[in-house]
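What follows is calculated from the coordinates using simple rules that are stated; it is not laboratory data. A quick note: this is a predicted structure, and the numbers were derived from the prediction, not measured. Here Cβ is always computed from backbone atoms with ideal geometry, including for glycine, and neighbour counts include all displayed protein chains.
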Ligand SMILES: [Zn+2]
């Protein structure tokens, strides 16, 4: 199965879903300073061969242009001739797809995801206990207790990759990079968006709860 066998309609479907998500996230201030990146898989999947659309590097994500996305393969190489460069963090998307076979991955930087990553850095995970919105991550048990993994952040992005395979927790659809941002994924764009929103809610909740406790 090569990229050439994927239909135009399949590719357009992916691009239109990603554009809608990008516009929605931009209005919510999820992409400060052109940060953040989005991707969505297209066509069949095996851990050794897959294709996805990913945001191009350094674009203003509050605008919609023909230069917003490009298709890359499992090595992050463009599948079509283009002058666009994939986001510098595409290697992280590659590793998450390879390990999980998910359908979409969304990454944003926010104040709360940065703050909790530092607050809980020593335990390398953000603990969340019994908060209703844990269900937004697809975890349905009563009074669930979860640990959201926090990974080291490096300016040289490929150095982040080895820790992903070590730390990725099967039931948690996301990883948090220290003082950087959250990567959330799902079967499809709808599920990845739900997971991202649930993570952001939980991060703010946990941070504010810590402040309240410390005031006592
Ligand atoms: Zn980032």
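Dividing the Cα convex hull volume of the chain by residue count, how many Å³ per residue is that?
Value for the chain: 121 Å³ per residue.
Taking the chain as the reference, fit the longest principal axis to its C-alpha atoms, fit the long axis of helix 8-27 to the helix C-alpha atoms, and give the angle between the two in degrees, 0 to 90, nearest 10.
In the chain, helix 8-27 runs at an angle near 40 degrees to the longest axis.
Hey, in the GNM for the chain with a 10 angstrom Cα cutoff, which one of 26, 88, 155 fluctuates hardest?
Answer for the Gaussian network model of the chain: 155.
Just need the relative contact order of the stretch 11-81 here, percent rounded to a whole number, with Cα pairs under 8 Å and 6+ apart. Each step should come with its number before you reach the end.
Numbers: 90 pairs, mean separation 19.7, N = 71.
Reported as a whole number, the value is 28 percent.
Kindly state, to the nearest 0.05, the FRET efficiency for residue 166 paired with residue 16, given R0 = 41 Å and r defined as their beta-carbon distance.
Here the calculated transfer efficiency is 0.70.
List the relative contact order of the chain as a percent without decimals, with contacts defined as Cα pairs under 8 Å and 6+ residues apart.
18 percent
State, to one decimal in nm, how far the label point of residue 60 lies from the label point of residue 147, with both points 7 Å from Cα in the Cβ direction.
Spacing of the two 7 Å Cα→Cβ label points: 4.4 nm.
For the residues 91, 206, what sequence is obtained by ranking on other C-beta atoms within 10 Å, fewest first?
Values: 91 18, 206 21.
The most exposed by this proxy come first: 91, 206.
For the stretch 35-144, compute Rg over Rh where Rg is the Cα radius of gyration and Rh is the Kirkwood radius from the inverse mean 1/r over Cα pairs. Could you put the intermediate results ahead of the total?
Working: Rg = 16.7 Å, Rh = 16.0 Å.
Rg/Rh for the stretch 35-144 comes to 1.04.
So what is the 222 nm mean residue ellipticity for the chain from helices alone, if each DSSP H run of at least 4 adds -39500 (n - 2.57) and you divide by all residues, rounding to the nearest 500 deg cm²/dmol? Mind showing how you got there, number by number?
On the way: 5 runs with 74 residues, N = 216.
Computed mean residue ellipticity for the chain: -11000 deg cm²/dmol.
Decide, for the stretch 1-78, between rounded, prolate and oblate: order the square roots of the alpha carbon gyration tensor eigenvalues as a ≥ b ≥ c, take rounded if a/c falls under 1.5, and otherwise choose prolate if a/b is larger than b/c, else oblate.
Prolate is the answer for the stretch 1-78, as a/c is 1.5 or above and a/b outweighs b/c.
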